[in-house]
Ligand code: AOS
Ligand code: ZN
Ligand code: ZN
């Protein structure tokens with residue numbers, strides 16, 4: 001038993017999933033970055049590509065930037081370009097992991113001069129946010145060590161807290177500092193923000209406008225991610241998601257590709273905890289790399305996967321579920337959840353799209369649009385994600 005699709009149709013219109021600019025550039029592993037025809041040559045072209053995803057799905061009204069990968073002379077020009085293409089600029093991601101100075105860390109580094117360089121970079125990101133009108137400054141740190149004894153774990157945590165406080169002080173009333181965690185890589189012994197608890201402790205010390213980013217690929221295998229989602233929502237500290245999927249570590253594959261059931265469980269807790277829709281501040285974003293598949297269709301597939309699992313999670317008959325839970329009906333309660341998970345929502349979603357002036361099958365619509373052929377013919381010398389423009 002599930003709710004009827006008609007009951008959830010309006011709620012689906014509230015969905016917005018931000019796309020990462022870097023998903024449109026070439027990316028790869030440490031073994032090889034494969035080039036692909038039609039790859040954007042600058043941030044403007046990345047935005048144009050992202051706009052194609054919005055055009056055929058209506059699900060992705062904004063694009064996240066990474067600084068300095070998306071360095072441009074004028075952010076108001078870039079914002080205007082986005083607007084002209086039917087999208088907006090969103091989250092600003094800082095980057096303190098590619099300069100030689102950051103070999104031993106950035107905001108947690110033992111040298112005050114390196115910490116200041118990293119803090120100044122974040123100030124620059126806040127300047128960009130003020131120009132683009134972005135709400136969120138997202139910080140992911142590569143800080144950590146490779147060998148026990150290499151540095152003082154406690155000292156690093158204290159220095160990190162001080163650096164974050166300096167950045168937090170600079171963000172505006174309507175802006176947020178969002179701290180992402182990741183359990184390992186590039187550091188292999190310890191990472192300074194390895195888990196939700198550390199991120200939560202750090203952002204809680206800063207204040208209300210500091211929240212946690214949960215990247216679905218940043219946990220040890222077997223971690224119950226939906227439990228973390230529940231807890232952060234319960235504590236009022238879930239700021240955003242970086243959605244992707246993984247088979248092994250931080251694979252950054254298409255969300256919902258590896259484990260659709262996990263995505264369903266996560267979205268069920270998001271909805272249960274008030275993290276979905278127009279009334280919620282939780283930002284849905286993708287953080288993915290398309291190493292071998294075409295990038296625009298890869299992003300279209302991704303937002304559709306999120307939409308499909310959101311629809312299934314919304315379909316859960318919550319009255320029947322609570323009744324079964326209260327009655328201690330273990331299998332009955334599980335059955336209610338599974339009924340929704342096993343519902344194929346694709347035909348209903350195709351109709352839903354058509355009723356809103358969108359193509360029933362966005363993948364087919366993009367393929368038929370001629371855009372891919374056009375960029376492949378016109379663009380030569382596209383950039384690698386991370387080295388854009
Ligand atoms: C790194 O593993 C994180 O997921 C970050 O969100 C990072 O900034 C992003 O993947 C771009 O490289
Ligand atoms: Zn991420
Ligand atoms: Zn990651």
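Taking region 323-362 as the region of interest, how many residues are more than 26 Å from the chain's Cα centre (by Cα) and without any contact (Cβ under 8 Å) to a residue 60 or more places away in the chain?
Residues that pass the stated criteria total 19.
Of the residues 214, 232, which single one is outside any loop (DSSP other than H, G, I, E, B), without any contact (Cβ under 8 Å) to a residue 40 or more places away in the chain and under 19 Å from residue 185 (Cβ atoms)?
214
Could we say that residue 157 is part of a loop (DSSP other than H, G, I, E, B), over 20 Å from the mean Cα position of the chain (by Cα) and either more than 28 Å from residue 19 (Cα to Cα) or within 16 Å of ligand 2 (Cβ to nearest atom) (or both) here?
Taking the combined requirement at face value, the residue does not satisfy it.
Please go through region 197-221 and pick out each residue that is closer than 24 Å to residue 149 by Cα, touching a strand residue (DSSP E or B) at 6+ places or on another chain (Cβ under 7 Å) and within 16 Å of ligand 2 (Cβ to nearest atom).
Hit for region 197-221 is 199, nothing else.
When you scan region 27-35, do you find a residue that is part of a strand (DSSP E or B), touching a helix residue (DSSP H, G or I) at 6+ places or on another chain (Cβ under 6 Å) and within 16 Å of ligand 3 (Cβ to nearest atom), even just one?
No: region 27-35 contains no residue that is part of a strand (DSSP E or B), touching a helix residue (DSSP H, G or I) at 6+ places or on another chain (Cβ under 6 Å) and within 16 Å of ligand 3 (Cβ to nearest atom).
Going by what's in this entry, would residue 281 be described as under 18 Å from the mean Cα position of the chain (by Cα) and within 16 Å of ligand 3 (Cβ to nearest atom)?
Taking the combined requirement at face value, the residue does not satisfy it.
Could you grab me the full set of residues in region 213-240 that are more than 18 Å from residue 201 (Cα to Cα), surrounded by fewer than 20 Cβ atoms within 10 Å (Cβ to Cβ) and out of contact with any helix residue (DSSP H, G or I) (no Cβ under 9 Å at 6 or more places or on another chain)?
220, 221, 222, 223
Which condition does residue 274 not pass, out of (1) within 16 Å of ligand 3 (Cβ to nearest atom); (2) assigned to a loop (DSSP other than H, G, I, E, B); (3) touching a helix residue (DSSP H, G or I) at 6+ places or on another chain (Cβ under 7 Å); (4) without any contact (Cβ under 8 Å) to a residue 60 or more places away in the chain, if it passes all the others?
Among (1) within 16 Å of ligand 3 (Cβ to nearest atom); (2) assigned to a loop (DSSP other than H, G, I, E, B); (3) touching a helix residue (DSSP H, G or I) at 6+ places or on another chain (Cβ under 7 Å); (4) without any contact (Cβ under 8 Å) to a residue 60 or more places away in the chain, the lone unmet condition for residue 274 is (1).
Read-outs throughout are calculated quantities, based only on the coordinates presented, and are distinct from any laboratory measurement. Remember, predicted model here, so these are calculated numbers, not experimental data. Cβ atoms come from the backbone with ideal geometry, glycine included; neighbour counts cover every protein chain shown.
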